[in-house]
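Trainee: Pasting a structure below so you can have a look.
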Amino acid sequence: MCKHLNISRASYYKWCKRNVPQKEIDDIKLSKTIEEYHERYHGILGYRRMTMFINRDLNENYSPKRVHRIMKILDIHSGIRRAHHCCTVANKTDQKIENVLKRDFVASKPNEKWATDVTEFKVPHSNEKLYLSVFLDLYDRSVVSWIISNRNDNKLVFDTFNEAIKTNSLAKPLFHSDRGFQYTSPVFKNLLNKQGMTQSMSRVACCLDNAPMEALWGIIKAEMYELYDIHDKESLIAAITKYIYFYNNARYQERFDSKTPMEVRKEALNQEVPKVYPIAFNKRIEDYKESLKRLNMKEKTS
């Protein structure tokens with residue numbers, strides 16, 4: 001071995017008998033923890049979230065750079081989501097409802113702003129599909145309500161709305177969605193009006209107007225299939241159910257000071273003035289806001 005590595009035997013034996021530094025001992029201990037977490041969460045943790053999970057669970061204070069360095073040595077990487085560059089053109093039949101939200105995804109308290117969407121899942125080894133409808137609170141990014149159905153119809157969205165109102169009967173949020181046929185339906189508009197909600201809709205073919213929901217779908221589809229064994233319709237439904245519970249109650253988020261969405265929600269509901277969690281700088285959103293300012297200035301001067 002020494003001959004192939006071009007190292008003298010004396011150097012090798014000296015290295016074997018050396019006093020191992022405490023930092024190296026700590027790194028070996030941390031590497032075992034990283035391997036354990038990588039296996040436990042089936043490879044969904046990148047180095048930032050790996051650091052957050054270990055620090056929170058074990059009450060440690062490891063730096064992301066240190067965790068990143070050790071993960072590179074261990075050749076441990078998280079699963080990377082594929083980039084999607086297309087947007088579905090939404091229903092053009094109803095253009096009366098404006099984009100009131102205007103990509104302002106920061107909320108100051110729970111039930112101030114809700115977003116919603118429907119996504120589809122293909123059942124393995126069949127031609128069948130399942131549809132998941134979710135209402136998301138933009139304050140804490142918690143899933144307020146969700147329904148799974150075999151059909152993407154009005155009933156799916158109406159049932160999701162009813163589930164949300166069961167646990168949030170006094171909520172009157174700004175309600176944002178795309179221009180899907182369920183949300184432009186007169187019946188659904190009446191439900192919102194009866195609850196005292198203001199409706200907001202994304203512009204046609206502008207996926208980023210509902211970016212939090214698109215991000216949620218990406219997270220679920222990237223992580224759920226890694227965490228759970230999915231092979232038929234029943235296991236798919238079970239996986240969605242388990243993952244939403246994990247997302248709400250066990251998935252720590254750096255933006256929320258390493259707390260889960262439900263922890264943030266419970267804290268806010270018990271405070272007179274809830275803590276506001278700003279969103280990290282996003283150039284595309286900031287450029288959009290600047291374009292709105294310029295448009296408003298033109299309208300005022302004209």
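Trainee: Quickly run through segment 263-273 and pick out the residues that are in contact (Cβ under 8 Å) with a residue 40 or more places away in the chain, surrounded by 17 or more Cβ atoms within 10 Å (Cβ to Cβ) and not basic (Lys, Arg).
Mentor: Once the filter is applied, which keeps residues that are in contact (Cβ under 8 Å) with a residue 40 or more places away in the chain, surrounded by 17 or more Cβ atoms within 10 Å (Cβ to Cβ) and not basic (Lys, Arg), segment 263-273 yields Val264, Ala268.
Trainee: Residues that are free of Cβ contacts under 8 Å to residues at least 60 places away in the same chain, closer than 15 Å to Pro212 by Cα and not basic (Lys, Arg): which strands (runs of 3 or more DSSP E) entirely in segment 101-192 hold 1 or more of them?
Mentor: 129-137, 143-149
Trainee: Hey, another quick one. Return the residues of segment 20-73 that are under 24 Å from Asp257 (Cβ atoms) and either in contact with a Gly (Cβ under 8 Å, 6 or more places away or on another chain) or of a type in the set (Phe, Trp, Tyr) (or both); say none if nothing qualifies.
Mentor: Matches in segment 20-73: Tyr37, Tyr41, Ile44, Tyr47, Phe53, Tyr62.
Trainee: For Glu226, which of the numbered conditions (1) free of Cβ contacts under 8 Å to residues at least 24 places away in the same chain; (2) surrounded by fewer than 16 Cβ atoms within 10 Å (Cβ to Cβ) fails to hold?
Mentor: Glu226 satisfies all of (1) free of Cβ contacts under 8 Å to residues at least 24 places away in the same chain; (2) surrounded by fewer than 16 Cβ atoms within 10 Å (Cβ to Cβ) except (1).
Trainee: Output the number of residues of segment 154-174 satisfying the condition of being acidic (Asp, Glu) and either at pLDDT below 95 or touching a Pro at 6+ places or on another chain (Cβ under 8 Å) (or both).
Mentor: Qualifying residue count, segment 154-174: 0.
Trainee: Residue under question is Lys221, and the condition is that it be closer than 26 Å to Val106 by Cα and surrounded by fewer than 18 Cβ atoms within 10 Å (Cβ to Cβ); does it hold?
Mentor: It is true that Lys221 is closer than 26 Å to Val106 by Cα and surrounded by fewer than 18 Cβ atoms within 10 Å (Cβ to Cβ).
Trainee: Could you tell me which numbered condition Val276 fails, if it satisfies all but one of (1) touching a residue at least 60 places away in the same chain (Cβ under 8 Å); (2) surrounded by 12 or more Cβ atoms within 10 Å (Cβ to Cβ); (3) part of a loop (DSSP other than H, G, I, E, B)?
Mentor: Unmet condition: (2).
Trainee: Here's another thing I want to ask about it. Considering only segment 200-221, I want to know if a residue exists there that is within 30 Å of Val100 (Cβ to Cβ), among the hydroxyl-bearing types (Ser, Thr, Tyr) and in contact with a Lys or Arg (Cβ under 9 Å, 6 or more places away or on another chain).
Mentor: yes
Trainee: Next up: What do you reckon, is Ser302 modelled with pLDDT of 95 or more and either over 30 Å from Glu39 (Cα atoms) or not aromatic (Phe, Trp, Tyr) (or both)?
Mentor: no
Trainee: Another question about this same structure. Which condition number does Tyr288 fail, the rest of (1) surrounded by fewer than 10 Cβ atoms within 10 Å (Cβ to Cβ); (2) at pLDDT below 80 being met?
Mentor: Failed condition: (1).
Trainee: So which residues in segment 50-79 are in a loop (DSSP other than H, G, I, E, B) and free of Cβ contacts under 8 Å to residues at least 60 places away in the same chain?
Mentor: Selection gives Asn59, Glu60, Asn61, Tyr62, Ser63, Asp75, Ile76, His77, Ser78.
Trainee: Here is a further query. Looking only at segment 244-262, which residues are at pLDDT 95 or above, surrounded by fewer than 16 Cβ atoms within 10 Å (Cβ to Cβ) and in a helix (DSSP H, G or I)?
Mentor: Of everything in segment 244-262, those that are at pLDDT 95 or above, surrounded by fewer than 16 Cβ atoms within 10 Å (Cβ to Cβ) and in a helix (DSSP H, G or I) turn out to be Tyr245, Asn249.
Trainee: Tell me which residues, restricted to segment 196-243, are assigned to a helix (DSSP H, G or I) and among the basic types (Lys, Arg).
Mentor: Matches in segment 196-243: Lys221, Lys233, Lys242.
Trainee: State whether the residues of segment 47-64 include one that is modelled with pLDDT under 90 and of a type in the set (A, V, I, L, M).
Mentor: No, segment 47-64 has no match at all.
Trainee: So which of Ile54, Ile73, Ile34 is under 29 Å from Asp229 (Cα atoms), touching a Ser or Thr at 6+ places or on another chain (Cβ under 9 Å) and surrounded by 13 or more Cβ atoms within 10 Å (Cβ to Cβ)?
Mentor: Sole residue among the options that is under 29 Å from Asp229 (Cα atoms), touching a Ser or Thr at 6+ places or on another chain (Cβ under 9 Å) and surrounded by 13 or more Cβ atoms within 10 Å (Cβ to Cβ): Ile54.
Trainee: Now, a different point. For Thr241, indicate whether it is surrounded by 14 or more Cβ atoms within 10 Å (Cβ to Cβ), of a type in the set (Val, Ile, Thr) and modelled with pLDDT of 95 or more.
Mentor: When the stated conditions are applied, Thr241 does not pass them.
Trainee: Any chance you could count how many residues in segment 243-286 are over 15 Å from the mean Cα position of the chain (by Cα) and either among the hydrophobic types (A, V, I, L, M, F, W, C) or under 30 Å from Glu128 (Cα atoms) (or both)?
Mentor: 6
The values are calculated or read from the model by the stated rules, or taken from the named source; none is laboratory data. This is a predicted model, so every value here is computed, not measured. Methodologically, a virtual Cβ is constructed for each residue, glycine included, from the backbone with ideal geometry; neighbour enumeration extends over all protein chains shown.
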